[in-house]
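First comes the structure, then the notes that go with it.
The values are calculated or read from the model by the stated rules, or taken from the named source; none is laboratory data. Keep in mind that this is a model prediction, so the values were computed, not measured. We place every Cβ from the backbone using ideal geometry, glycine too, and count neighbours over all the protein chains shown. SASA here: full protein model, heavy atoms, side chains in, ligands and nucleic acids out. Shrake-Rupley method; radii C 1.70, N 1.55, O 1.52, S 1.80 Å.
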Amino acid sequence: MTHAQRTNDLRPTLEAGDPAFGVLDNLYSPAVVELLGDLGFDFVWTDLEHAGPSPLDGPALENLLRAADASGIELVVRIPSPDPATVRKCLDAGVRTLFASRVETAEQARAVVRAARFEHDGAPGERGLAGPRAARWGGAADYPATEDEETVVGVTIETARGVENAGDIAAVPDLGFVFAGPNDLSVSYGHPGETGHPDVEAGVSAIREAAAAADVPVGNLTSGPDDVRAKVEAGDQLLNVGSATGAIRGHLGDWHERYRAKS
């Protein structure tokens, strides 16, 4: 018995040039993933660079993916480094949209993309062919071709060296998107935490310009509805609009003060 592959609903949105809105689930909770899908977000960002399970923990990823499937939201997974073996492991677990942290050269970006594909730039790719969850344990119809069609793989540019090479990185064939990292750029430019510093803003603009020249979508962080609108107008498409812990803190962080003020 064969099974149809799950399609990546984020891919056509990005290909159409439309914005996609998502939330960082820094609680790594299947319930949060499922709830965000019910709330109508396009994606959940699961960041495996700074916390959470190991990107090699297949069962943990599978549970998050099942929650995403249940409510029709796409799980976007960031891995800690541009390691081809980690790319293959995550994709075999069923991840369809993935991006690598701290990519600084086109060679690193090319290694990430090549590891994610059975065919890359007219030549054989380096995706492993097996029967994992992504292949419905061997039951998926036309698995290699469908995987290459539905998998979206990007990179984060978040260092000064990455910005210098942004044009070459964005030009890598089959690259799905570039994500600007203003927080780490502030560190790399010597202004930790000052994401509004002119050097950091210039770096983000350079990433955006390089991506536009290569016709590659850009992802970015945002800080409220006005900032979201400004970044959509600037051409950014993959937009993180908040986090699970930020939502809890925003709603309950001043609860005690509000309670005492009414007493």
Within region 190-241, count every residue that is open to solvent by less than 40 Å² (accessible area, probe 1.4 Å), touching a residue at least 12 places away in the same chain (Cβ under 8 Å) and assigned to a loop (DSSP other than H, G, I, E, B).
5
Need at least 2 residues that are open to solvent by less than 40 Å² (accessible area, probe 1.4 Å), within 14 Å of Phe179 (Cβ to Cβ) and of a type outside the set (Ser, Thr, Tyr) per element, so show me which helices (runs of 4 or more DSSP H) inside region 19-122 make the cut, counting only ones lying wholly within it.
106-115
Which one is nearest to Pro217 (Cα to Cα) among residues in region 165-189 that are of a type outside the set (Asp, Glu) and open to solvent by 50 Å² or more (accessible area, probe 1.4 Å)?
Ala171
Return only the number of the condition from (1) part of a strand (DSSP E or B); (2) open to solvent by 40 Å² or more (accessible area, probe 1.4 Å) that Val153 does not satisfy.
(2)
Among the numbered conditions (1) touching a residue at least 40 places away in the same chain (Cβ under 8 Å); (2) in contact with a Leu (Cβ under 9 Å, 6 or more places away or on another chain); (3) surrounded by fewer than 23 Cβ atoms within 10 Å (Cβ to Cβ), tell me where Gly162 comes up short.
(3)
Limited to region 133-152, what total is found for residues that are at pLDDT 95 or above and touching a helix residue (DSSP H, G or I) at 6+ places or on another chain (Cβ under 6 Å)?
1
Which numbered condition Ala130 misses (of (1) part of a loop (DSSP other than H, G, I, E, B); (2) modelled with pLDDT of 95 or more)
(2)
